[in-house]
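What follows is a set of notes on a single structure, which appears directly below.
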Amino acid sequence: MTRAGFVGLAGRPNVGKSTLVNAIVGSRVAIVSMRPQTTRRAIRGIATDVEAGHQLVLVDLPGVQKPRDVLTERMQSRVERELADSDLALMVINGEQGVGPGDRFIARALVEANSALPTICAVNKIDTVGPNELVPVLAEAAELEGVDEVFPISARSGEGLAELVGRLGELVPEGPYLYPPEDHSDQPGETMLAELVREQVLNRTRDEIPHSVEVNVKEVDRREDGLVTVRAEVWAETESQKGILIGKGGKKVSEIGTAARRSLEAELDAKVHLELKVRVRGHWRRDEGLLDRLGIE
Ligand SMILES: Nc1nc2c(ncn2[C@@H]2O[C@H](COP(=O)(O)OP(=O)(O)OP(=O)(O)O)[C@@H](O)[C@H]2O)c(=O)[nH]1
Ligand SMILES: [Mg+2]
């Protein structure tokens, strides 16, 4: 009998949830950046171990935060719904920082959402933490409300992942696979392409820009000789943000475009011609209809 189930990832922004999902799935399904609030949608990463006979559907979620606008409100309510529907919760904390009030708040919210939900805590980023500092963090994590077991891991180096995945595989319910074992993600291809462009925007901008930008892929055109043309819009909320994104003489947008083209080529395994257009789309973060269309539900 196989086992399969949904594992919802909870944790503060920037603790490494998306990095962990990519590491467990073994390919890139979610973008990662050093900016908090990188993830906006619930992305399912699928990891099937045919030998062990289990399938983990890892639901990568936005970091838990205080909602500020319709976008963050939707992100937050999505987190709550997804966790209520999961078979397990995987709470990720940043081992560099230890357990803080934000982590305690999330642990409490998990218990309130569903007190029967088995909760595993992964203490991440142990590649940067010495053993003496790690011991007290593991102890604090074990004391978090609702947490059943604690695993020290590094999503970056892979340390501790086999143990964590093995345990998650034992904890998901018996049942048939939920997705074909060769699948890695349920994300529409165009969304992934837009996300890869946004990842390069996040890597190259600061202050309020990362939060103000969304990317929309308008067209993907595959020519017979294999060249793929991708036309995408980068939305800013104001003219001044648009100016920053374009940069002097178009320098910034061309840097973003060059880096994004490389990611798209790796993703599509083809030569890519990327056309980026920066435009102002005021208040897109508050536009319910637009957020629906962007798949931010
Ligand atoms: N040193 C180290 N850095 C890590 C590790 N895992 C993630 N990071 C870094 O932490 C930062 C945040 O990673 P993400 O995976 O985007 O974090 P997240 O929890 O998904 O963040 P949100 O989507 O904003 O909630 C990135 O710069 C990662 O490279 C790790 O195991 N070790
Ligand atoms: Mg993320």
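FYI, it's all coordinate maths here, none of it is from the lab. No experiment lies behind these values; they were computed from the predicted model shown. Please note: Cβ atoms are built from the backbone with ideal geometry, for glycine as well, and neighbour counts cover all protein chains shown.
Our analysis of segment 185-226 gives Rg over Rh at 1.09, with the two radii drawn from alpha carbon positions and Rh computed by the Kirkwood formula. Computed extension gain for Glu112 through Arg156, at 0.36 nm per residue and net of the alpha carbon distance, reaches 12.7 nm. Considering the zone a paramagnetic label at Ala139 would reach in this model (a point 7 Å from Cα along the Cα-to-Cβ line), which residues of segment 103-133 have amide N under 18 Å from it? Residues 123, 130-133 qualify, since their backbone N sits under 18 Å from the label point.
Which of the listed residues, Thr191, Thr229, Met75, is farthest toward the dipole's positive end in the chain, when Lys, Arg count +1 and Asp, Glu count -1 at the beta-carbon? It is Thr229, whose Cα lies furthest towards the positive end.
In debye, nearest 20: dipole of the chain around its Cα centre with unit charges on the Cβ of K, R (+) and D, E (-)?
1480
Take the alpha carbon atoms of segment 1-125, find their radius of gyration, then divide it by 2.2 N^0.38 Å using N residues; give the quotient.
After normalising by residue count via 2.2 N^0.38 Å, the value is 1.01.
The label-point distance for His273 and Asp186, in a model that sets each label 7 Å from Cα toward Cβ, rounds to 3.6 nm. On a 0 to 90° scale, report how tilted helix 101-113 is relative to the longest principal axis of the chain, with both axes built from alpha carbons and the result rounded to the nearest 10. Long axis of 101-113 versus the principal axis of the chain: about 70 degrees. In a reduced charge model with +1 at each Lys and Arg Cβ and -1 at each Asp and Glu Cβ, segment 241-297 shows a dipole moment near 500 debye about its Cα centre. Relative to the first principal axis of the alpha-carbon coordinates of the chain, what is the inclination of helix 131-142, with its axis defined by its Cα atoms, in degrees from 0 to 90 and to the nearest 10? It is inclined by approximately 80 degrees. Remark: Thr128, Thr2 ranked as Thr128, Thr2, counting other beta-carbon atoms within 10 Å and listing the fewest first. Against the chain, whose longest principal axis comes from its Cα atoms, helix 70-84 is set at around 30 degrees. Note on Met91, Met192, Met1: ascending count of other Cβ atoms within 10 Å places them as Met1, Met192, Met91, the fewest first. Mean residue ellipticity at 222 nm, helices only, the chain: -11500 deg cm²/dmol; runs of at least 4 DSSP H residues each add -39,500 (n - 2.57), and the sum is divided by the number of residues. Among Ala42, Gly243, Ala113, flag the residue with its Cα farthest along the positive direction of the charge dipole of the chain, charges on Cβ as +1 for Lys/Arg and -1 for Asp/Glu. Most positive-ward Cα: Gly243.
Modelled spin-label separation between Arg223 and Thr258, with each label point placed 7 Å from Cα along the Cα-to-Cβ direction: 2.2 nm. Both radii come from the Cα set of the chain: Rg as radius of gyration, Rh as Kirkwood radius; their ratio Rg/Rh reads 0.98.
From the alpha carbon centroid of segment 39-86 to that of segment 240-291 is 25 Å. Counting neighbouring Cβ atoms within 10 Å and putting the fewest first, the residues Ile93, Ile106, Ile209 line up as Ile209, Ile106, Ile93.
Taking a ≥ b ≥ c as the square roots of the eigenvalues of the alpha-carbon gyration tensor, segment 153-195 is classed oblate because a/c is 1.5 or more while a/b is no larger than b/c.
Here the spin labels are modelled as points 7 Å beyond Cα on the Cα-Cβ line, and at Arg167 and Phe105 they lie 2.6 nm apart.
Summary of packing: across the peptides 18-26, 262-270, the per-residue average of other C-beta atoms within 10 Å ranks them, highest first, as 18-26, 262-270. Rounded to the nearest 20, the size of the Cβ-charge dipole of segment 17-101 about its Cα centre is 460 debye, with Lys and Arg at +1 and Asp and Glu at -1.
The lysine pair tally for the chain, using Cα distances under 26 Å and a gap of 8 or more places or different chains, is 17. Per the Debye formula with a single identical scatterer at each Cα and no solvent contribution, what log10 I(q)/I(0) holds for segment 129-265 at q = 0.16, 0.18, 0.20 Å⁻¹? Relative scattering, expressed as log10 I(q)/I(0), comes to -0.97, -1.02, -1.10.
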